[in-house]
Amino acid sequence: MKPYIELSYAQVAMAAGLVLINGAISVMLRLDLERRLLIAATCTVVQLLLIGLVLEWVFRVDRWYVVLGMMTVMTVVAGIAATQRTRFRYPGMRSRSLLATWGSSWVVAAIALGAIVRVRPWYTPQYAIPLLGMILGNTLNGVSLGLDRLGGELAARRDRVEALLALGASRWEAAREPVREAVKTGLIPTINAMMVVGIVSLPGMMTGQLLAGTSPVEAVKYQVVIMFLVASGTALGTVSVVLLSYRRLFNDDHQFLDSLLDR
Amino acid sequence: MANGPAIEAVGIGRRDPRRGADGWLIRGVDLVVHPGDRLGVLGPSGAGKSVLLRAVARLDPIDEGSIHWQGREVLGDGVPAYRRQVIYLHQRPALMEGTVEENLQYPFTLRAHRGRTFDLARVEAILHRLGREAGFLAKNARDLSGGESQLVGLVRALQLDPRVLLLDEPTASLDPVATEAVEGLLGDWLADRPDERALVWVSHDADQARRMTDRRVFLRAGGVAPEENV
């Protein structure tokens, strides 16, 4: 195994210079994207540098409450981000997204840290933070897609849902199809990713481990673990947020509260 | 059931959920339906006729009052069982994907109708009365006109043997011939078991209301105007 090559800031700057290619394309084709490109490039550098500094500190301090605090901030940001791009919203959607994201990702992260990787102590930041981060990133997508699809399906099938209720259907019977569609939509990206992993692209974490000098077989083992953690976290998060939303939008009297659903 | 009221709605009030505290759509409305009743709900557009009918069907939450079925308040898990007996028929009934026959079979997959089966001969007989022949069952629901959808909605409800039909302008999209057929069918349906069945009919058409109902409730601006008995 060749030794790991540390990058100087000059080397990082050289890579950043490649963004000029994007700029040139934008100018040549008059895409009018230069300003946005500049902002995006700045965000990339600033956000990553900041998180690098924060992580340096968290790794150095190495205290359970600091790691827990960091994990909480990551989870809250993910839970809120999951509701940012849905076409429909309802009162209480954000808290349900937060609850689903929190519950599912922490359960899976606990299994990963405590039972699978067996990190001792459990809060070792080198493991706890990246593992949770990868679970959260995917759970967020599942929660977001599930919420979006559930709202879309219920809005599009409003009349059918109501017709079923009028014929004696329970709230579950009336909502079953939209709920199933929503859960399916949330799970598909993960399943697709699992099918092509390693063939179409090498996952980021595995690439990172390879660059850091880990043997490919070791890196693959970790990647397999991660794929399954991500798949289960996404599944739990999507099902939770869809069921929590269903319970909010259908009351105990088997009525569909469609007026709560806002575009 | 012959003695007491089938449905008793007491002091029904519903607010517009988007307007909040003062946005009452209907308020203080009482409605009693006895077996054998042919009750008309009349009033100008926006008076709250559909709101009342939907509330009585327990399809929408109410903010005041209560609804009783055979003396018991309709709540919680009793609601689907109630809706099996008291079916609300929308002006434009929503149909599922698939053929007319599949639409008519669908309700039998619901728990509330467990143990009962789709009766093709009976459905064909009802459709025949409505001027539709057996080939109609194979039509795709997507290809139906508004009037045909309304007929399918009606047959889908009738085949379930409800006790009470809450009809929200059930002939709004029909031509005069089909309207007459529907009126005749519903009149016979009620006359068949007057000690068990009842109709509540929302209509804009005063002549139809006179033909199809014996007792009428007038709504104005979300409240009941004095009842007119004929």
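We did not get these values from a lab; they are worked out from the coordinates using the rules stated. Every value quoted in this text rests on a predicted model; they were computed, and no experiment measured them. Positions of Cβ are backbone-derived with ideal geometry, glycine not excepted, and every protein chain shown enters the neighbour counts.
With helices as the sole contributors, chain A gives -25000 deg cm²/dmol at 222 nm; each DSSP H run of n ≥ 4 counts as -39500 (n - 2.57), and the sum is divided by every residue. Here the Kirkwood formula puts the hydrodynamic radius of the protein assembly as shown at 26.9 Å, using every distinct Cα pair.
Mind jotting down a quarter of the surface of the convex hull over the alpha carbons of chain A, in square nanometres, one decimal? Mean shadow area of the hull around the Cα atoms is 18.1 nm².
Per-residue 3J(HN,Hα) values for the stretch B:175-183, derived from phi via the Karplus relation 6.51 cos²θ - 1.76 cosθ + 1.60 with θ = phi - 60°, read 7, x, 5, 5, 4, 5, 5, 5, 4 Hz in sequence order (x marks Gly and Pro).
3J(HN,Hα) along the stretch A:215-229: 5, x, 5, 4, 4, 5, 4, 4, 5, 4, 4, 4, 4, 6, 4 Hz, from the Karplus curve 6.51 cos²θ - 1.76 cosθ + 1.60 with θ = phi - 60°, whole Hz, x for Gly and Pro.
Label-to-label distance, A:S201 versus A:V45, with points set 7 angstrom from Cα along the beta-carbon direction: 2.4 nm.
Run the paramagnetic zone check for A:L7: 7 angstrom along Cα to Cβ, then residues of the stretch A:204-220 with backbone nitrogen under 18 Å. A:204-214, by backbone N distance to the label point.
Look at the stretch B:104-115: the mean tally of other chain Cβ atoms within 10 Å of its residues' Cβ atoms is 3.
Projecting the Cα positions of A:M28, A:T44, A:T83 onto the charge dipole of the stretch A:11-98 (unit charges on Cβ atoms of Lys, Arg, Asp and Glu, taken about the Cα centre) puts A:T83 furthest along the positive direction. Note on chain B: helix-only mean residue ellipticity at 222 nm, from DSSP H runs of 4+ residues weighted -39500 (n - 2.57) and normalised by residue number, equals -9000 deg cm²/dmol.
Can you give the % of DSSP beta bridges in chain B that are antiparallel, to the nearest 5? In chain B, approximately 55 percent of DSSP beta bridges are antiparallel ones. Percent of C-alpha pairs per 5 Å bin in the stretch A:1-154, short distances first: 2, 8, 13, 13, 13, 14, 15, 12, 7, 3, 1, 0. Taking the three principal axes of the alpha carbon atoms in the stretch A:1-61, the coordinate ranges are 48, 29, 18 Å, sorted in descending order.
Shape summary of the stretch A:74-224, radius of gyration then Dmax from alpha carbon positions: 19.0, 64 Å.
Beta bridges assigned by DSSP with both partners in the protein assembly as shown are antiparallel in approximately 55 percent of cases.
Here's the picture: charge each Lys and Arg Cβ at +1 and each Asp and Glu Cβ at -1 in the stretch B:174-230, and of B:P176, B:S203, B:A221 the one pushed furthest to the positive end of that dipole is B:A221.
Tell me which of B:L120, A:M206, B:P107 sits at the most positive position along the dipole axis of the protein assembly as shown, charges placed on C-beta atoms (Lys, Arg +1; Asp, Glu -1). Value: A:M206. Here the 3J(HN,Hα) profile of the stretch A:134-150, calculated from phi with Karplus coefficients 6.51, -1.76 and 1.60 at θ = phi - 60°, is 5, 5, 4, x, 7, 4, 3, 5, x, 4, 5, 5, x, 4, 4, 5, 4 Hz, Gly and Pro shown as x.
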